[in-house]
Amino acid sequence: MGTLSATIRPLLAATAFAMATPAFVHAQDVLQGPPPPWVEVLEPVAAPEDARGMIFLNRQQTQVHLDGEEQSTYSLMHATLLHPNALQLGNIGITWNPAAGSPTVHQLRIHRGGDIIDVLADNSFEILRREDQLEMAMLDGLLTAVLRVPDLRVGDELELAYTVPTGSPTLTDRDYGLLMLAPEPMPGLVQLRLSWQDEEDRPQVRLTDDLAPMITRSDNAITIDVLSAEPLTPPRDAPPRYHWQRMMEFSDFDSWQSISNRFDTLFDNASALPAGSPLAQEAARIARNNATQLERANAALELVAKQVRYVYVGLNTGALTPASAEETWERRYGDCKGKTVLLLALLNELGIEAEAVLVSNEGIDDGLDALLPSPALFDHVVVRATIDGEQYWLDGTLPGVTVPSQRPVLPYRWVLPLTEGGSAVEELEWTPLEQPETIVLYEIDAREGIETPAKLRQTTIVRGIDGLAEYARYSSVTDSQLENAFRNELAGSTGWDTIDTVTWRFDREEQASVLEIIGTGMPDWDNRTSDSATLILPGGGFNPPSRRQRDPGQDQRAPYVNRNKYSCDVTTVRLPLDTKQENWSFNSDFDTQIYGTIYRRMFDRRDGAIRMVRIMQTQDREIDSELAERDNRRLPDFHNSMARIELDPDYEFTRWVFAKPELGGVPATYEADWLNDGAACDPQYGYDD
């Protein structure tokens, strides 16, 4: 818990401190010995003579064992190496959390013909604490034992077996986890096994129905054996919950409420402030300088985001236990847990009701309510505050320009609030985006004639997580560096002859990144003569959506998922002054809804300019298979023509307006404040047919 989103995390790489040099610890931290008594070792199967691919699994075994005091995982991999690429398996790496204990290697051998070569007789593991995610600002404290198997050859059988303690150093009295069979497993013998010492150690277990033919049960174990399992890929374009397949869950948490209560205690303790705390003084300063609760929450969030740098701290019990607010403030770095307790402490001092909420940044929260209660299903924690009767989300790991918002920046489906009495998982309401994620304004000023390079202006407004990513990228460079980068990238290509100015800013009130590029370029006129021409407008076409169809072997009744998208492109062409406006025409409008998404394009021609607005907005998070089948039949009629304008001196084009006249027609790029009022980007802006 405590990782950043996939979009934001890489942006920290450029500023993370460089400490990738391995630190060595004593090799005796890796033990050697026989397998524990609870392990039932599989007998290997021989690779068939016609085996193909990279490897054949003579046996692969993963067994999790629970004994009431610790959780351990036994892993055995015995594989025939069929291809030169398989020799990479000889680069052995065993990773573990030293706070949970030490690993024990049982054997590392090569089977060659009738000989068995004991690799550990002449070789030993080298143990590293590499912090190999340090460039992502992550300190996990994990150790890795590495060994490069010498003299490994194609045709050998490589065998490795070891046991690693896998319980949580924070939740030593609780066991939870899952075992899954890969969607496309390697050919050979695979076993997944969950065992427990005594009856009181037996956890809740949930198995997906597709495992039924493979299950063997005993008094203290559930075993799944499969020989060369058939591929079982999730249904194409199905919601993420359909990826939970061939899976065995286990947990001895009896409810989500018990997890909520347990973690609330951790966060409540960590956010408590002692008398005279410097943080209390910070809260008092915020209260003096800000009148309303929302202003104070905003100031607290800005303080945590800007003055405490993000570093994931998973050392010892840190993967789940938050550092205290005092400690995080003193050292001025922390992960999502540390930043959350810091926010909670400040908000509590400010008299603002707030709670920590567990979420999934990796997007595995769809269908969470149907799974066993498990902390492993969350990887991030944020704050939800109640201000003037409204709920606001605050995430201190995001860039310092973020503000409390009434919907999370990332599209969470199910979350777990942490409360003293314990809360159940909560489903967040899904609604279409209220504002476009992107608005791109293209202005082509061709008033000096079709034979002359036009003046070009392109403005891009980006909101949401991508807008924050742009902030992280652009705010760290000077204006001249940014302009030079775009000049080098664009000038002389993609329609730009020159780049005159590049300006960027982040509008904190609108939570939007605004980039404007001004220059010149020759429009790509087709059929150009002295008195006629055709131009394909940038940002005007629609690519047809993908057909919603699945392999016959997949679940045909599963719904299809849509990413919540909303984009708006606005293009204006100022017409050459030496031409007549009525000789300029444009192709048809575009108005359809297919697969739960609106596609709309509007034109207008007036005041010496042709204006176009193109909109795409998701209306439904999921569509059922019946709607998908119906829209598959409609797909051939999806007119994905490019937006086109044309000059023909022999044809007078009668002007008509697709936008409702009372709204003033389609606005030009220069006629509206698109950042603060993008009304024309609303699909309901309307048509006058």
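I'd like the residue in the stretch 371-397 that is of a type in the set (Ser, Thr, Tyr) and part of a strand (DSSP E or B) and, out of all such residues, is surrounded by the fewest Cβ atoms within 10 Å (Cβ to Cβ).
Narrowing the stretch 371-397 to residues of a type in the set (Ser, Thr, Tyr): 374, 386, 392, 397.
From what is left, the residues that are part of a strand (DSSP E or B) are 386, 392.
Numbers: 386: 13, 392: 22.
Looking at the filtered set, the residue picked out is 386.
Tally the residues that are in a strand (DSSP E or B) and out of contact with any Phe, Trp or Tyr (no Cβ under 6 Å at 6 or more places or on another chain), restricting the search to the stretch 161-176.
Narrowing the stretch 161-176 to residues in a strand (DSSP E or B): 161-165, 176.
Restricting the remaining residues to those that are out of contact with any Phe, Trp or Tyr (no Cβ under 6 Å at 6 or more places or on another chain) gives 161-162, 165, 176.
Going through the stretch 161-176 one residue at a time, the tally reaches 4.
Kindly indicate whether residue 609 is aliphatic (A, V, I, L, M), open to solvent by less than 90 Å² (accessible area, probe 1.4 Å), at pLDDT 95 or above and more than 16 Å from residue 594 (Cα to Cα). Talk me through it step by step, then tell me what you get.
Values: aliphatic (A, V, I, L, M): yes; open to solvent by less than 90 Å² (accessible area, probe 1.4 Å): yes; at pLDDT 95 or above: yes; more than 16 Å from residue 594 (Cα to Cα): yes.
When the stated conditions are applied, residue 609 passes them.
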### Task
Pick out the one residue from 591, 569, 578 that is in contact with a Gly (Cβ under 7 Å, 6 or more places away or on another chain), open to solvent by 10 Å² or more (accessible area, probe 1.4 Å) and within 27 Å of residue 678 (Cα to Cα).
569
### Query
Based on what the data block shows, is residue 615 modelled with pLDDT of 90 or more and touching a Gly at 6+ places or on another chain (Cβ under 8 Å)?
no
### Summary
Residues of the stretch 56-82 being open to solvent by less than 20 Å² (accessible area, probe 1.4 Å), more than 24 Å from residue 196 (Cβ to Cβ) and of a type outside the set (Ser, Thr, Tyr), in sequence order, are 56, 57, 58, 78, 79, 81
### Query
Just to be sure, is residue 137 surrounded by 15 or more Cβ atoms within 10 Å (Cβ to Cβ), modelled with pLDDT of 95 or more and among the aliphatic types (A, V, I, L, M)?
no
### Query
Can you find a residue in the stretch 626-648 that is assigned to a loop (DSSP other than H, G, I, E, B), of a type outside the set (Phe, Trp, Tyr), open to solvent by 40 Å² or more (accessible area, probe 1.4 Å) and touching a Phe, Trp or Tyr at 6+ places or on another chain (Cβ under 6 Å)?
yes
### Summary
Per the list (1) modelled with pLDDT under 95; (2) in contact with a strand residue (DSSP E or B) (Cβ under 6 Å, 6 or more places away or on another chain); (3) open to solvent by 40 Å² or more (accessible area, probe 1.4 Å), residue check on residue 317 breaks on (2)
### Query
residue 456 is checked against (1) aliphatic (A, V, I, L, M); (2) crowded, with 21+ Cβ neighbours inside 10 Å; (3) out of contact with any Gly (no Cβ under 9 Å at 6 or more places or on another chain) and fails just one. What number does that condition carry?
(3)
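Please determine whether any residue of the stretch 324-336 is of a type outside the set (Asp, Glu) and closer than 23 Å to residue 291 by Cβ.
The initial filter retains those residues of the stretch 324-336 that are of a type outside the set (Asp, Glu), namely 324-325, 328-329, 331-334, 336.
Among the residues that remain, those that are also closer than 23 Å to residue 291 by Cβ are: none.
Within the stretch 324-336, none of the residues are of a type outside the set (Asp, Glu) and closer than 23 Å to residue 291 by Cβ.
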### Message
Among the residues that make up the stretch 31-41, is at least one of them at pLDDT 95 or above, open to solvent by 30 Å² or more (accessible area, probe 1.4 Å) and of a type in the set (A, V, I, L, M)?
### Response
no
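Farther than 20 Å from residue 607 by Cβ and of a type outside the set (Ser, Thr, Tyr), is that true of residue 545? Don't jump to the end; show me each part of the working.
Values: farther than 20 Å from residue 607 by Cβ: yes; of a type outside the set (Ser, Thr, Tyr): yes.
Answer is yes for this residue.
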### Summary
Scanning the stretch 188-205 for residues that are open to solvent by 20 Å² or more (accessible area, probe 1.4 Å) and either small (Gly, Ala, Ser) or in a loop (DSSP other than H, G, I, E, B) (or both) gives 197, 198, 202
### Query
Could you give every pair whose Cβ atoms fall below 8 Å, whose first residue belongs to the stretch 495-522 and is open to solvent by less than 50 Å² (accessible area, probe 1.4 Å), and whose second residue is acidic (Asp, Glu) and part of a loop (DSSP other than H, G, I, E, B), counting only separations of at least 6 or pairs across chains?
495/524; 519/497; 520/497; 521/497
### Query
Looking at the stretch 166-182, which of its residues are open to solvent by 30 Å² or more (accessible area, probe 1.4 Å), in contact with a strand residue (DSSP E or B) (Cβ under 9 Å, 6 or more places away or on another chain) and either within 16 Å of residue 372 (Cβ to Cβ) or not β-branched (Val, Ile, Thr) (or both)?
174, 176, 178, 180, 182
### the stretch 523-551, subset hydroxyl-bearing (Ser, Thr, Tyr) and open to solvent by less than 50 Å² (accessible area, probe 1.4 Å), residue farthest from the chain's Cα centre (by Cα)
532
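When you scan the stretch 306-313, do you find a residue that is within 30 Å of residue 207 (Cα to Cα) and open to solvent by less than 20 Å² (accessible area, probe 1.4 Å), even just one? Give the derivation first.
Pass one, the stretch 306-313, residues within 30 Å of residue 207 (Cα to Cα): none.
No, the stretch 306-313 contains no residue that is within 30 Å of residue 207 (Cα to Cα) and open to solvent by less than 20 Å² (accessible area, probe 1.4 Å).
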### Query
Which residues, taken from the stretch 408-422, are open to solvent by 20 Å² or more (accessible area, probe 1.4 Å) and touching a Phe, Trp or Tyr at 6+ places or on another chain (Cβ under 7 Å)?
408
#### Entry: The one condition in (1) in a loop (DSSP other than H, G, I, E, B); (2) out of contact with any strand residue (DSSP E or B) (no Cβ under 7 Å at 6 or more places or on another chain); (3) over 16 Å from residue 267 (Cβ atoms) that residue 330 fails to fulfil
(1)
#### Entry: Selection count where residues are of a type in the set (Gly, Ala, Ser), open to solvent by 20 Å² or more (accessible area, probe 1.4 Å) and touching a residue at least 12 places away in the same chain (Cβ under 8 Å), scope the stretch 272-298
4
### Task
Mind listing whichever residues of the stretch 206-229 are open to solvent by 50 Å² or more (accessible area, probe 1.4 Å) and under 15 Å from residue 247 (Cα atoms)?
206, 209, 210, 212, 213, 216, 225
### residue 190 being within 24 Å of residue 83 (Cα to Cα) and either without any contact (Cβ under 8 Å) to a residue 24 or more places away in the chain or under 33 Å from the mean Cα position of the chain (by Cα) (or both)
yes
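The values are calculated or read from the model by the stated rules, or taken from the named source; none is laboratory data. Being a predicted model, the structure only gives us computed values, none of them experimental. Positions of Cβ are generated from backbone atoms using ideal geometry, with glycine treated the same way; all protein chains shown enter the neighbour counts. Keep in mind that these areas ignore ligands, DNA and RNA; they rest on the heavy atoms of the full protein, side chains included. Shrake-Rupley method; radii C 1.70, N 1.55, O 1.52, S 1.80 Å.
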